[in-house]
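The values are calculated or read from the model by the stated rules, or taken from the named source; none is laboratory data. For clarity, every value in this text was computed on a predicted model and none was experimentally measured. No Cβ is skipped: glycine too gets one built from the backbone with ideal geometry, and neighbour counts run over all protein chains shown. Heads up: the accessible areas ignore ligands, DNA and RNA and are worked out on the full protein's heavy atoms, side chains in. Shrake-Rupley method; radii C 1.70, N 1.55, O 1.52, S 1.80 Å.
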Amino acid sequence: MSPTQSANKSPFKKSDNLLFDPALIPAELQDVLPPGYVVRPLAKTDNQVRSNTSFLKTLEVLTTVGNISDEAFQNRFQYLQERNDQYYTIVIEDMNVPATSATSATSSTPYLVTPGRGKIVAAGTVFVERKFIHELGMVGHIEDIAVSADQQGKKLGLRIIQTLMAIGERVGCYKVILDCSEKNVPFYEKCGFERRGVEMSWYV
Ligand code: ACO
């Protein structure tokens, strides 16, 4: 069964705390993660640092993230959430890590699994562009793929990419594309991507 054909048995419920509806994440992609790991939409509380990890810390394997205040994070989260048919950011959380007193989630939070109880170990985004060509076609752009240094090699990167590809397909994209460095080409080829075209950049 392909990811797009599976039933939506997400361990998460749709909620204002989550960036988008978790039912878009195929259940079988949850099932193939290591025990105790879950894949879910980015949550409003994911900027909080627990065990020296958070969504923003996870992104630091990619590039400079900078000093982002809680208010700035919340403002950006709200912007993305208001456009949550365009921005799909996901994280993988290791729930084997015990919760600390720093967690803001409460026992009354209506999740089968409570986001923020564990440790974020991987992240990625698919941004959906709406075009005129291809009969108003939509293209998914994969961005900002990051797996924490101590978690690389466990197929978490592959699961992030498979999840983003499935989301792109489910929301109606006719293709999903990405830019990467030469050294990551073998990884993306293993995920099913092939070389097409050349990336061009202009930095302000
Ligand atoms: N070269 C060759 N093969 C690789 C590489 C590589 N650099 N990285 C992974 N692979 C292979 C693995 O060996 C594995 O192969 P197998 O199925 O034969 O065993 C397969 O690809 C899947 O590997 P994963 O375990 O899923 O890879 P991982 O979880 O380590 O994630 C990633 C790979 C995302 C590149 C991670 O190493 C990382 O976060 N790197 C730093 C940040 C980065 O470069 N991100 C990508 C930027 S590009 C973008 O965002 C669009």
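Yes or no, residue by residue, for (1) among the basic types (K, R); (2) under 22 Å from R83 (Cα atoms); (3) open to solvent by 80 Å² or more (accessible area, probe 1.4 Å); (4) assigned to a helix (DSSP H, G or I):
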{"site": "R117", "(1), (2), (3), (4)": "yes, no, no, no"}
{"site": "I120", "(1), (2), (3), (4)": "no, no, no, no"}
{"site": "G124", "(1), (2), (3), (4)": "no, yes, no, no"}
{"site": "F127", "(1), (2), (3), (4)": "no, yes, no, no"}
{"site": "G157", "(1), (2), (3), (4)": "no, no, no, yes"}
{"site": "I160", "(1), (2), (3), (4)": "no, yes, no, yes"}
{"site": "T163", "(1), (2), (3), (4)": "no, yes, no, yes"}
{"site": "I167", "(1), (2), (3), (4)": "no, yes, no, yes"}
{"site": "C180", "(1), (2), (3), (4)": "no, no, no, no"}
Q. Across the range 46-81, what is the total count of residues that are in contact with a Ser or Thr (Cβ under 9 Å, 6 or more places away or on another chain), over 21 Å from F127 (Cβ atoms) and outside any loop (DSSP other than H, G, I, E, B)?
A. 3
(Q) Being modelled with pLDDT under 95, outside any strand (DSSP E or B), away from the ligand (no atom under 14 Å from the Cβ) and surrounded by fewer than 16 Cβ atoms within 10 Å (Cβ to Cβ) is true for just one of S107, S201. Which residue is that? (A) S107
Q | Criterion (in contact (Cβ under 8 Å) with a residue 40 or more places away in the chain, within 18 Å of the chain's Cα centre (by Cα) and more than 7 Å from the ligand (Cβ to nearest atom)) met by exactly one of I177, I145, I120 | A | I120
